[in-house]
Amino acid sequence: MLLKLASMAPRARLTAFLLLILLAAALAGCAERVVSPPPPIITPTQVPWTAAIGKLVIAHSERPCTAVLVAPDLIVTAAHCLHQNGIPAQPGDLTFLPNYGAEPDLGEFRGMSIRAMGGAIKEVSKGSDIVRDWALIGIAPPLRAVPPLAAQPLDTDMVIARIAAGEKLYTAGYGNGVAEILRPHSPCKVVKEPALNPLYAVDMVVTTCIIRIGDSGGPIVLVDRAGRPTLFGIFAGFGLQRALGTSYGVNVSSFADQLPVPLLSGTPPSAESPLFWAALAAN
């Protein structure tokens, strides 16, 4: 190449030399350029089922709640979370943060509509308040990185029988103390004690779980031996008889007819089951 440059006329030699400099600069730029890899695609098999539980942030309120994904575009929480400080929350005031405080970060999902609500609950004073203390909120965009929790109405006798058969009770929330992470409650149980509970009502779940402010809307779940969860209630509030360690929840039976995904009888199918995803796709 150098011999060819030497044999060229001065002007042609200068032109060729400049072209070589430009070519070298271009090649150096290509060598230094770093191509960013595409963002990872999160699939349902990469996240635990508890990622369907999230922190619910309410604008104009310092008190968050907990919510649970029950369909790709639908969450359930306690109705009183939407009536804090005497100001009814609008859908746009709500932000759902699934798997908050853990990996992977699934992002933020905005409230789009209040699909249904048991009642404008501000304070719980009787059992009928508790069983109406639920709200179904539409979110966008749909969350497809984690399967929603299969919801089933199970009465107390059914729950106790399934636990005796080997299933585990799981409850958790984003309550005060360490609100940045999801905290399971200490081992507790579902109880059937209407004589000890002045608020007892049908369609209510009573537990011995010690819940915190911010746990409202948190899940009451049975997990079978294969690790598959069944949501059968959400927390609504503390028990009046704190010495007994009771807490109250709303049974799924209170809002089962409002759920878009058909309730499945028996043991819910795995998230990898075609039946599970076919049920979601049909809605």
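The values are calculated or read from the model by the stated rules, or taken from the named source; none is laboratory data. Predicted, not measured: the structure shown is a model, and the values here were computed from it. Using ideal geometry, Cβ is built from the backbone for each residue, glycine included, and neighbour counts are taken over all protein chains shown. Accessible surface areas use protein heavy atoms only, side chains included; no ligands, DNA or RNA. Shrake-Rupley method; radii C 1.70, N 1.55, O 1.52, S 1.80 Å.
Condition first: touching a helix residue (DSSP H, G or I) at 6+ places or on another chain (Cβ under 9 Å) and either assigned to a helix (DSSP H, G or I) or surrounded by fewer than 21 Cβ atoms within 10 Å (Cβ to Cβ) (or both). Now tell me which residues in the stretch 91-103 satisfy that. Don't jump to the end; show me each part of the working.
As a first pass, look at the stretch 91-103 and keep what is touching a helix residue (DSSP H, G or I) at 6+ places or on another chain (Cβ under 9 Å): 93-94, 98-99, 102.
Within the stretch 91-103, D93, A102 meet the criteria.
Filter the stretch 148-169 down to the residues that are part of a loop (DSSP other than H, G, I, E, B) and open to solvent by 20 Å² or more (accessible area, probe 1.4 Å), then identify the one that is nearest to A256 (Cα to Cα). If you could, list the steps in order and put the result at the bottom.
Here is the first cut: in the stretch 148-169, the residues part of a loop (DSSP other than H, G, I, E, B) are 148-149, 152-155, 165-167.
Going one step further and asking which of them are open to solvent by 20 Å² or more (accessible area, probe 1.4 Å), we end up with 153, 155, 165-167.
On the way: P153: 7, D155: 13, A165: 25, G166: 25, E167: 22 Å.
Step by step, filter the stretch 148-169, then rank; the result is P153.
Among the residues of the stretch 104-130, what is the count of those that are in a loop (DSSP other than H, G, I, E, B), at pLDDT 90 or above and either more than 20 Å from K55 (Cβ to Cβ) or not hydrophobic (A, V, I, L, M, F, W, C) (or both)?
So in the stretch 104-130, the residues in a loop (DSSP other than H, G, I, E, B) come out as 104-108, 118-126.
Cutting the leftovers down to at pLDDT 90 or above gives us 104-108, 118.
Restricting the remaining residues to those that are either more than 20 Å from K55 (Cβ to Cβ) or not hydrophobic (A, V, I, L, M, F, W, C) (or both) gives 104-105, 107-108, 118.
Of the residues in that region, 5 qualify.
Taking the residues in the stretch 70-90 that are in a helix (DSSP H, G or I), of a type outside the set (A, V, I, L, M, F, W, C) and in contact with a strand residue (DSSP E or B) (Cβ under 8 Å, 6 or more places away or on another chain) as candidates, determine which candidate is nearest to L182 (Cα to Cα). Even if it seems obvious, please write down each step before you answer.
Filtering the stretch 70-90 down to residues in a helix (DSSP H, G or I) leaves 79-82, 84-86.
Now restrict to residues that are of a type outside the set (A, V, I, L, M, F, W, C): 80, 84-86.
Now drop any that are not in contact with a strand residue (DSSP E or B) (Cβ under 8 Å, 6 or more places away or on another chain), which leaves 80, 84.
On the way: H80: 20, Q84: 22 Å.
By that ranking, first place goes to H80.
Keeping to the stretch 104-147, report how many residues are in contact with a Phe, Trp or Tyr (Cβ under 8 Å, 6 or more places away or on another chain), over 17 Å from V57 (Cα atoms) and open to solvent by 40 Å² or more (accessible area, probe 1.4 Å).
Result for the stretch 104-147: 2.
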